[in-house]
Amino acid sequence: MMQGISHRPAGRIDGPKAFQAAFAVSRETLDRLTIYANLLSRWQKTINLVAPSTLSDVWHRHFADSAQLLEHAPTGAAHVLDVGSGAGFPGLVLAIMAAEHGGTRHTLVESDTRKAAFLREVARETRVAVEILAQRIELPETAAKVGEVNCVTARALAPLPRLIPLLAPYFGANTVGLFLKGRDVAAELEEARRGWDLECQLLPSVTDAEARIVKLSGLRQKR
């Protein structure tokens, strides 16, 4: 099952050893993430998966940034959905970290077929069971296939006023949304509240002093 963590990075995560110390992952998980990092570097030469300036800082900017969400995820979540997965952040990192515990279904939705192919290659090489859907999140057939989930994650997909309507079909009464957002999150949240009732916490990011984690629940459209 997907388990929350209490470990928080102390300083910059500059490689595998620092990541392991910060998040207390097993050797198997660390090996999987190392395979992931190597594949990312290789595929980046032909597909623009991440900003080139962040490639040398993958353990901090991408892996640790994604992994910090585990601390805030609902304990025992049976189904976790990641939308606009791109190169797999945060969804594939979370799936890799949860793999050693088992019991959680992870679904990644990425409409770009080339990026979806990359995600499948990482999943194959790391031997992590994850469902990858190369289709748009707003399509009725996507919602019909995925259904309501326990936790929804996203990073840099869309501002909250646009993101929330996209994800509402996947929210049940107890669903938690975890979204990695930048400095404009307060304004995004204020605008989103005009159309939606919701409970929200803005939590500090451990990888970027100006960023925030949006923890959202109780989502209901205003009438």
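The values are calculated or read from the model by the stated rules, or taken from the named source; none is laboratory data. Keep in mind that this is a model prediction, so the values were computed, not measured. Reconstructed Cβ throughout: ideal geometry from the backbone, glycine too, with neighbour counts over all protein chains shown.
If you check Arg183, Arg155, Arg194, which single one turns out to be farther than 19 Å from Pro74 by Cα, at pLDDT 95 or above and not β-branched (Val, Ile, Thr)? Talk me through it step by step, then tell me what you get.
Values: Arg183 fails: at pLDDT 95 or above; Arg155 fails: farther than 19 Å from Pro74 by Cα.
Result of the check over Arg183, Arg155, Arg194: Arg194.
Cβ-Cβ under 7 Å, sequence separation 6+ or interchain: first residue in the stretch 194-217 and closer than 21 Å to Ala168 by Cα, partner among the hydroxyl-bearing types (Ser, Thr, Tyr) and in a strand (DSSP E or B). Which pairs?
Hits for this filter: Glu199/Ser217; Ser217/Thr175.
Residues checked against (1) part of a loop (DSSP other than H, G, I, E, B); (2) crowded, with 21+ Cβ neighbours inside 10 Å; (3) in contact with a Gly (Cβ under 9 Å, 6 or more places away or on another chain):
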site	(1), (2), (3)
Phe19	no, yes, no
Ala22	no, yes, yes
Ile35	no, no, no
Asn38	no, no, no
Ser41	no, no, no
Thr54	no, no, no
Asp57	no, no, no
Ala67	no, yes, no
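How about the stretch 209-223: which of its residues are more than 19 Å from Val83 (Cβ to Cβ) and crowded, with 20+ Cβ neighbours inside 10 Å?
Hits for the stretch 209-223: nothing passes.
So in the stretch 71-91, with the set limited to residues that are modelled with pLDDT of 95 or more and in a helix (DSSP H, G or I), which one is farthest from Leu167 (Cα to Cα)?
In this case the residue turns out to be His72.
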